[in-house]
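Working notes, structure below.
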């Protein structure tokens, strides 16, 4: 006998199975947070809708939709009801690969990891510093609020889409099925978001009661959860850790790794070179550098959306990846519906556990560590600054004499920067601060100025390689030595 379920029955069963698995994993409150009632439709994502960028001075910078979001980051129950949906590969030798079993994978126990975790938890304490929207614990709770409300916010947008088409579309392309498919995949993505939240709560020592109170306070103040930042963060899993992001990584990584090679070759000691990557996002470049050997890699990221996603990422491996559907948040620029709905698996390589993440504002997080680093590498970072000169001054202060600052990225300034320098002005300012420009070689493209050492390479920034649009920059590349 064949049993046919309605769309509504299908969703109810998916909710039941999802909740059951969350309960089995010990997340009783998360399992209960599965209200299917969509909220009032929010404003649509229009051309000028803000997208939050990371690594700003004590505030999330706002950029428009057509600007990149600077990197300053399921469960198989969803797939049991859909024949062709990918499921998690089982790994009985390492239960930590189940994305619902948060905290099972032991973190690095190196002294610098233990020391930074101690410092991080002190900074996260409500009693440390002034409580407010820039406090790291508040920003973490805001990120968890956004991930927690992923389904609710996206279902509201989906409800708006459902009201906008007519019978002609239904007859021609079965548009309702397309929207029904998106709805099911929103539930799939929600499980990933819940896993990020659960892992973050365990890592940062946040109780469910505290998060619930934060959400209640936000809703009482009519402050809706951010819909864009969670979706953009999930897309960074594609850019950094999926096969589909290879083109964007290959636009930059070979140049940067090539630039590092002679620096390591010229060192006269076996002591690892200390390298800092501010605005590191989800950290793939840091892993690539650490995998070269003889580098002590430190990441730095302001955005708590990115940081909570990165903490979750470190619990996964390529042998048991997470799978989600990153492109269902917008209907623009898709060649086919199959492309829109396609799943993406990550990570395609294991994160290097020797890499250290230091969370917080780049200009303040490393106070007391003057001249501590041999190399600072800024990748799609410097134009995120509200105060560009404070970035330059921090780089100069943190580099040891003879240390190098390597840059790769555009000059796309965000909202409200104090200064917006052209490239020639940046060169003059940097030289005036005591840096000497050195040629990075043809691996990093042609010269931007005929008589200068700065080079440029075309670099895409768009997450979706199948999209019917391209967003690319003439990324500026330089290496300077601190005198």
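The values are calculated or read from the model by the stated rules, or taken from the named source; none is laboratory data. Every value quoted in this text rests on a predicted model; they were computed, and no experiment measured them. Every residue, glycine as well, gets a Cβ built from its backbone with ideal geometry; the counts of neighbours run over all protein chains shown.
Those helices (runs of 4 or more DSSP H) of the range 209-292 in which 3 or more residues are within 14 Å of the chain's Cα centre (by Cα), at pLDDT 95 or above and outside the structural domain of residue 466 (by TED's automatic domain parsing) occupy 228-241. Could we say that residue 322 is over 20 Å from residue 114 (Cα atoms), surrounded by 15 or more Cβ atoms within 10 Å (Cβ to Cβ) and touching a helix residue (DSSP H, G or I) at 6+ places or on another chain (Cβ under 7 Å) here? So residue 322 fits the description; yes. From the list 118, 134, the lone residue that is surrounded by 14 or more Cβ atoms within 10 Å (Cβ to Cβ), modelled with pLDDT of 50 or more and not assigned by TED's automatic domain parsing to the domain that holds residue 362 is 134. When you check residue 297 against the structure, is it in contact with a strand residue (DSSP E or B) (Cβ under 6 Å, 6 or more places away or on another chain), surrounded by fewer than 21 Cβ atoms within 10 Å (Cβ to Cβ) and not in a loop (DSSP other than H, G, I, E, B), yes or no? So residue 297 does not fit the description; no.
Inspect the range 418-432 for any residue being assigned by TED's automatic domain parsing to the domain that holds residue 296 and farther than 24 Å from residue 449 by Cα and give the result as yes or no. Looking for residues that are assigned by TED's automatic domain parsing to the domain that holds residue 296 and farther than 24 Å from residue 449 by Cα, one finds at least one in the range 418-432, hence yes.
Answer with yes or no whether residue 400 is over 22 Å from residue 249 (Cβ atoms) and in contact with a helix residue (DSSP H, G or I) (Cβ under 6 Å, 6 or more places away or on another chain). Considered against the rule, which asks whether it is over 22 Å from residue 249 (Cβ atoms) and in contact with a helix residue (DSSP H, G or I) (Cβ under 6 Å, 6 or more places away or on another chain), residue 400 comes out as no.
Among the conditions (1) touching a strand residue (DSSP E or B) at 6+ places or on another chain (Cβ under 8 Å); (2) crowded, with 23+ Cβ neighbours inside 10 Å, the only one that residue 251 does not satisfy is (2).
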